[in-house]
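A short write-up of the structure that comes next.
The values are calculated or read from the model by the stated rules, or taken from the named source; none is laboratory data. Just so we're clear, the structure is a prediction, and the values are computed from it rather than from any experiment. Glycine gets a Cβ as well: all are built from the backbone with ideal geometry, and neighbour counts include every protein chain shown.
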Amino acid sequence: MAQLWGGRFTKETDKLVYNFNASISFDQKFYEQDIRGSIAHVKMLAKQGVIQESERDQIISGLESIREDVKNGTLEITSEYEDIHSFVEANLIDRIGDAGKKLHTGRSRNDQVALDMKLYIRDEVKEIDGLVKELLKAIEKIMEENLHTYMPGFTHLQKAQPITLAHHMGAYFEMFRRDRGRLYDIYERMNYCPLGSGALAGTTYPLDRVYTAKLLDFYGPTMNSMDSVADRDYLIELLSAMSTIMMHLSRFSEEIIIWNTNEYRFVEIDDAYSTGSSIMPQKKNPDIAELVRGKTGRVYAALTSILTTMKGLPLAYNKDMQEDKELSFDAIDTVKGCLALFTGMISTMKFRKDVMEASAKNGFTNATDAADYLVGKGVPFRDAHGIVGQLVLYCIDQNISLDEMSLEAYQKISPVFDQDIYEAISMKTCVEKRTTIGAPGPEAMEHVIAFNQEYLKNK
Ligand code: ARG
């Protein structure tokens, strides 16, 4: 048990208490960020004349050697230390002696952990953003290839109107584009440096907080030292944005699971992304999509957990805040894993265009267009709606589609119908006539695709 704060104590910490209090098993995840922050801190201390330049150099090379040794596995992070901050400092003192004891001058673990957490989350925001962008590229590719792939669009999971696969995929493009917007906002809001806030009230050393902020690529220092050590808003925002990403992935997964069923057969998931059954030889299961859908729960759990942890905390730092790590780290790893796998799955998935198109043709997805045809001939929409309802009833009875009805049958229900009804309700017309902004018609979709391409190039 190696502790930084033994001086005031006359007894050893109880072993159970030590273990309960320790965070090294999980905060070792940000050893790199901890060292990065410490290097910036000592550079600033030397610049301000708080430590010697020679001490600064010793500390920096000591920290760099620790970073190197942890990275290549020669230095193991063990539970002998309370947390990653203690581990790094103790190792530094072991390596360079007295100069190492000056590292923590003008700093508290409260502003240190606030900084580490921010650096870590900031890195993760960028990484997650990159993964969402990869997913967007995969979606965009499917869109480009399927401008004319007809499929049924659903409401209430009932066939509604014909759309294209490009249009359906375009809906997910929008969702994940918004997700990137949320990540961007988080980055902008969080990118202020808490280092130099001390335990809660700043310090009496002449710290240059603007300088450390700049060294660490922050826009500037945070403006209130108590808030700096007590703020985890950015983490809550990230967990919220990740929950939304997972909600989107989960909806998408649900659709793929449905589309992959024997009943739909719209898609075939690649063998590399499917699994079999131990008992039923015929099975090829969409486990990856199911797991993505399932793992959404644990990401939501991390959000609920941190919100609950923070809600009763008086200012400033409280040890409760150490609970900000385990579930968040797990949630971040979960989201990154899901994004990467999901992108791989949809990039290799086969779309059965013939099945989709055949499905769009039955189920009366062109009924609205039949009504619009009548409106075009001067029938008020409400009457047209009723007339087409009768057509549908007739077709259900005859077990045929609207396209298969004879003109006599049409005219028996309404004399307004003419030969041009067949053209008016063809799949091609139904889809391609829908050219308003955001609609599935290829003409409209081409604009969207060009816009998306531009977006992917610039952002
Ligand atoms: N392991 C602690 C955490 O994660 C570090 C900060 C400790 N500060 C303190 N005053 N005990 O929050």
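Odds and ends about this structure:
- Selection count where residues are buried (at least 19 other Cβ atoms within 10 Å of the Cβ) and either basic (Lys, Arg) or under 24 Å from Met310 (Cβ atoms) (or both), scope the range 244-267: 2
- Number of residues in the range 393-429 that are crowded, with 16+ Cβ neighbours inside 10 Å and in contact with a Ser or Thr (Cβ under 7 Å, 6 or more places away or on another chain): the value is 1.
- So Lys350, is it exposed (fewer than 14 other Cβ atoms within 10 Å of the Cβ) and farther than 30 Å from Val416 by Cβ: yes
- The residues of the range 388-433 that are more than 16 Å from Asn362 (Cβ to Cβ), at pLDDT below 95 and part of a loop (DSSP other than H, G, I, E, B) amount to a single one, Lys433.
- Conditions (1) under 42 Å from the mean Cα position of the chain (by Cα); (2) in contact (Cβ under 8 Å) with a residue 12 or more places away in the chain: number failed by Leu407: (1)
- Here is the figure for the range 297-340: residues that are under 19 Å from Lys29 (Cβ atoms) and over 22 Å from the mean Cα position of the chain (by Cα) total 4.
- Candidate set from the range 26-56 (those that are β-branched (Val, Ile, Thr) and more than 16 Å from the ligand (Cβ to nearest atom)); member that is surrounded by the most Cβ atoms within 10 Å (Cβ to Cβ): Val42
- Consider the range 278-335 and keep the residues that are more than 20 Å from Ser23 (Cβ to Cβ) and within 16 Å of the ligand (Cβ to nearest atom). The one that is surrounded by the most Cβ atoms within 10 Å (Cβ to Cβ) is Leu315.
- In the range 84-116, the residues that are touching a Pro at 6+ places or on another chain (Cβ under 7 Å) and either over 18 Å from Glu32 (Cα atoms) or among the small types (Gly, Ala, Ser) (or both): Ala114
- If you check Glu64, Glu124 for being away from the ligand (no atom under 16 Å from the Cβ), over 28 Å from the mean Cα position of the chain (by Cα) and in a helix (DSSP H, G or I), only one passes: Glu64.
- Consider the range 102-121 and keep the residues that are within 12 Å of the ligand (Cβ to nearest atom) and among the polar types (S, T, N, Q). The one that is nearest to Glu323 (Cα to Cα) is Asn110.
- Looking only at the range 69-83, and only at residues there that are outside any loop (DSSP other than H, G, I, E, B) and within 12 Å of Asp94 (Cβ to Cβ), the one that is nearest to the ligand (Cβ to nearest atom): Tyr81
- Remark: pairs (first residue in the range 17-36, assigned to a helix (DSSP H, G or I); second residue acidic (Asp, Glu); Cβ separation under 7 Å; 6+ apart in sequence or on different chains) = Asn21/Glu82; Ile24/Glu82; Ile24/Asp83; Phe26/Glu326; Asp27/Asp83; Phe30/Asp116; Gln33/Asp116; Asp34/Asp116.
- Some residue of the range 332-354 being of a type in the set (Val, Ile, Thr) and at pLDDT below 95: no
- Residue list for the range 436-459, restricted to those being among the polar types (S, T, N, Q) and surrounded by 15 or more Cβ atoms within 10 Å (Cβ to Cβ): Asn452
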